[in-house]
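Visitor: Have a look at the structure that comes next, please.
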Amino acid sequence: MKRKLFTALIFVLVMAVSASAFSGNERWSFKPDGAITSGVAVSANSVFFGTETGRIYALNKNTGRSTWEYKAENSVYGVPSVVGENVVFATGSGEVICLKISDGSLVWTAGGIEGSGQKVNDGLTDGTAAGGGLVYVSKADRKVHALNENDGHTAWTFTASDQGVRTAPSYADGLVFVGEYDGIFSILDAKTGKRLNGGGAGGAVNTPTAKNGNVYFSAWDGSVNAVQLKGIEPLWNVNVHDAITTQPEVADGKIIVGTGRGSVVALDEKTGRTLWRFNTNCGSVSVKPILADGVVFAGAESGPMFVLDAKTGKKVGFLAGENGISGNPAYSDGVLYFSNGDFYAYE
């Protein structure tokens, strides 16, 4: 059943942004076998996510019907990675699983230390990133592991500081970006794992975001840093005076972050100047906000998915129920995919 949660006024506001703008209609919903513990990945025809029971789902983008399911041994963590014809997941038992998008058949599994097929006890601390023929994961052994995307064998490892890496790395332009719990930020050569440069913050660093020739990283001390990749030149540093608990979203000249006290903050991409702040009053915002079609989608640990005007930060609507948002959502071809108890697609 489809539900519409916007008023007519809001519909006009959002539709003015673009011809294919988000309107707030529920396309479909899906009830999984347990609590959803992963983020969302999207391919041409499917959406993927996993649950606390280790169930991995591939749903048809248009209908929400299950295309296939795969049962892992432990809860599925972080955002999966679509790599060519495959999709890669991380689990709490330390296993990385690569499946065929077409039918869910197993391509390879890896513990991430001893190579393909090896199970290890060092659990994965977040999801995966991919690029340059490799898949990158952070493990509780204080290492970032680069696995060959074809067979899961280890290409290299990078050892972090004593408190390790508890968020996923990210990839862009032949570089891997790592945020450590100690507040260290590192830029690695994606081919070798060698640390090329870096910086730091006064608190744990979230998954960085690279875009438009720069990399942006946020931290629990409330800081956001912008670094130009050419020459590794610091551009600006600001503090929002609240622990930042999400990876930065970078789009349309803005940087959007969520905070531990339930705020969503928009910064100017060029200067770091605060543009607006919205308080969800729904607990910590721990999933990455999304900016698309002139609106910001943001959810907290309780409550609905909020829809905010990207220019002003004012609430223009909300989606689904009061169960809280778990796992990073995804937006593709005018459709938002997210979990709020059940799994939803809104357009």
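Visitor: Over 30 Å between C-alpha atoms is what I'm after, so list which of 194/288; 139/311; 191/311; 143/288 land there.
Guide: On the way: 194/288 28 Å; 139/311 38 Å; 191/311 39 Å; 143/288 24 Å.
Pairs exceeding 30 Å: 139/311; 191/311.
Visitor: Then there's this: Let a ≥ b ≥ c be the square roots of the eigenvalues of the Cα gyration tensor of the chain; is it rounded (a/c under 1.5), or, if not, prolate (a/b larger than b/c) or oblate? Intermediate values should be presented prior to the final figure.
Guide: Values: a/c = 1.80, a/b = 1.14, b/c = 1.58.
Oblate, since a/c reaches 1.5 and b/c is not below a/b.
Visitor: What residue among 201, 251, 243 has the largest mean-square fluctuation in a Gaussian network model of the chain, using Cα springs under 10 Å?
Guide: Looking only at 201, 251, 243, the largest GNM fluctuation is found for 251.
Visitor: Which of the listed residues, 305, 99, 193, is farthest toward the dipole's positive end in the chain, when Lys, Arg count +1 and Asp, Glu count -1 at the beta-carbon?
Guide: Positive-end residue among those listed: 305.
Visitor: Something else about it: Compute, for the stretch 120-266, the length of the dipole vector about the Cα centre, with Cβ point charges of +1 (Lys, Arg) and -1 (Asp, Glu) only. Units Debye, rounded to 20.
Guide: Dipole magnitude for the stretch 120-266 comes out near 140 debye.
Visitor: Ok, one more. With +1 on each Lys and Arg Cβ and -1 on each Asp and Glu Cβ, and nothing else charged, work out how big the dipole of the chain is about its Cα centre, in Debye to the nearest 20. Provide the component values of the computation, followed by the final result.
Guide: Numbers: 29 positive and 33 negative charges, 140 e Å.
Dipole of the chain, to the nearest 20 debye: 680 debye.
Visitor: Taking the chain as a Gaussian network, Cα atoms linked when under 10 Å apart, which of 328, 281, 212 shows the biggest mean-square fluctuation?
Guide: Fluctuation is largest for 212.
Visitor: Using a 10 angstrom cutoff on alpha carbons, build the Gaussian network for the chain and name the most mobile of 174, 272, 299.
Guide: Of the options given, 174 has the highest mean-square fluctuation.
Visitor: What is the fewest-to-most order of 314, 211 by other Cβ atoms lying within 10 Å of their Cβ? List each step's numbers first, then the result.
Guide: Numbers: 314 10, 211 14.
Taking fewest neighbouring Cβ atoms as first place, the list is 314, 211.
Visitor: A follow-up question, please. Using +1 on the beta carbon of Lys and Arg, -1 on that of Asp and Glu, and nothing else charged, what's the dipole of the stretch 35-239 about the Cα centre, debye to 20?
Guide: Using only the charged Cβ atoms, the result is roughly 300 debye.
Visitor: Can you find, among 75, 164, 129, the residue sitting farthest towards the positive end of the charge dipole of the stretch 35-239, where Lys and Arg contribute +1 and Asp and Glu -1 at Cβ?
Guide: So the residue furthest toward the plus end is 129.
No value in this document is a laboratory result; all are computed from the given coordinates. Not measured: the values here are computed from a predicted model. In this analysis, Cβ positions are derived from the backbone assuming ideal geometry, glycine residues included, and neighbour counts consider all displayed protein chains.
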